[in-house]
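First up is the structure itself, then whatever we jot down about it.
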Amino acid sequence: MRNRTETASRLLAAVALVVGMAASSLAGQVDSKWGIHDVNRPRPPIITPGTASTQDQPGRPPSDAIVLFDGKDLSQWQTPKGEPAKWKVENGCFEVVAGSGDIQTRQAFGDCQLHVEWAAPDPPRGKDQDRGNSGVYLMGLYEVQVLDSYNNETYADGQAAAVYGQYPPLVNAVRPPGQWQTHDIIFHGPRFAADGQLLRRARVTVVHNGVLVQDNVELSGPTAHKQRPPYRAHREKLPLLLQDHSHPVRYRNIWIRELGAANQ
Ligand code: MG
């Protein structure tokens, strides 16, 4: 019996090794259409990179980004019911108006690079989850948390830059309330077969204030409070949503770059 168990566990280990090797060789696969250093291989498009933001001044987005807020108006945003967004635009930024509801982009997005700047209310008010809470919902379903986690105790998978209810950030890189902070997010949406079966989970990488805090984590499904609901088939592109959690969190300089077939 013991021998059989040992054989079985060795076999499992061997299978795991082969599967692991297959996965890693796939991940490192180079496009076989092109020889090494092939001079005929198309060059990547030329773009003008953006500039970094300071506390006083938002930076400039890369030239190929879709600008979702440039400091002027919320024309790219609406309520989930399709009404004009009711959040307040002021001094080059916009602010959550408590009780007016979430806002979402008019355009739908899937795989993307997203840049969001936010600032928690100063002076801070409340504690735990009831302090400077908002959220960036990729596809309206997968929340990267916005929260005033500065000198504010809360559960790990609910603090700023957490994938809410699933992954705490690797470190707490939050700035004090009132200061501008950045969430730079690389997101790959889930994939579903025609019959609704899950083919691939969503994956997210988050750099918070220049620090890697989510390293290509695989989501268990949509994010939610006190539950981890399973995936339900949805379209490859859905609107990006910002959460009204009844706190006057401010946002500025939001831009997005859609990721094409080449970098999925
Ligand atoms: Mg939130």
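The values are calculated or read from the model by the stated rules, or taken from the named source; none is laboratory data. As the structure is a computational prediction, the values presented were derived from the model and not from experiment. Heads up, the Cβs are rebuilt from the backbone with ideal geometry, glycines too, and the neighbour counts pull from every protein chain shown. Note: accessible area is taken over every heavy atom of the protein model, side chains too, but ligands, DNA and RNA are not part of it. Shrake-Rupley method; radii C 1.70, N 1.55, O 1.52, S 1.80 Å.
Determine whether region 2-24 contains at least one residue that is more than 30 Å from Trp255 (Cα to Cα), modelled with pLDDT of 95 or more and open to solvent by less than 70 Å² (accessible area, probe 1.4 Å). No: region 2-24 contains no residue that is more than 30 Å from Trp255 (Cα to Cα), modelled with pLDDT of 95 or more and open to solvent by less than 70 Å² (accessible area, probe 1.4 Å). State yes or no: is Thr79 in contact (Cβ under 8 Å) with a residue 24 or more places away in the chain, among the β-branched types (Val, Ile, Thr) and either surrounded by 18 or more Cβ atoms within 10 Å (Cβ to Cβ) or within 16 Å of the ligand (Cβ to nearest atom) (or both)? Criteria not met by Thr79.
Among the residues of region 219-264, just one is closer than 15 Å to Met139 by Cβ, under 13 Å from the mean Cα position of the chain (by Cα) and either at pLDDT below 95 or of a type in the set (D, E, K, R) (or both), namely Glu258. Whenever a residue of region 184-211 is assigned to a loop (DSSP other than H, G, I, E, B), its partners that are open to solvent by 30 Å² or more (accessible area, probe 1.4 Å) and among the aromatic types (Phe, Trp, Tyr), lying with C-beta atoms within less than 7 angstrom and at least six residues away or across chains, give the pairs Pro190/Tyr231. Applying the selection to region 112-124, what residues are touching a residue at least 60 places away in the same chain (Cβ under 8 Å), out of contact with any Asp or Glu (no Cβ under 7 Å at 6 or more places or on another chain) and not aromatic (Phe, Trp, Tyr)? The answer is Gln113, Leu114, Val116, Glu117, Ala119, Pro121.
When Asp148, Asp128, Asp157 are screened for being within 13 Å of the ligand (Cβ to nearest atom) and more than 19 Å from the chain's Cα centre (by Cα), only Asp128 passes.
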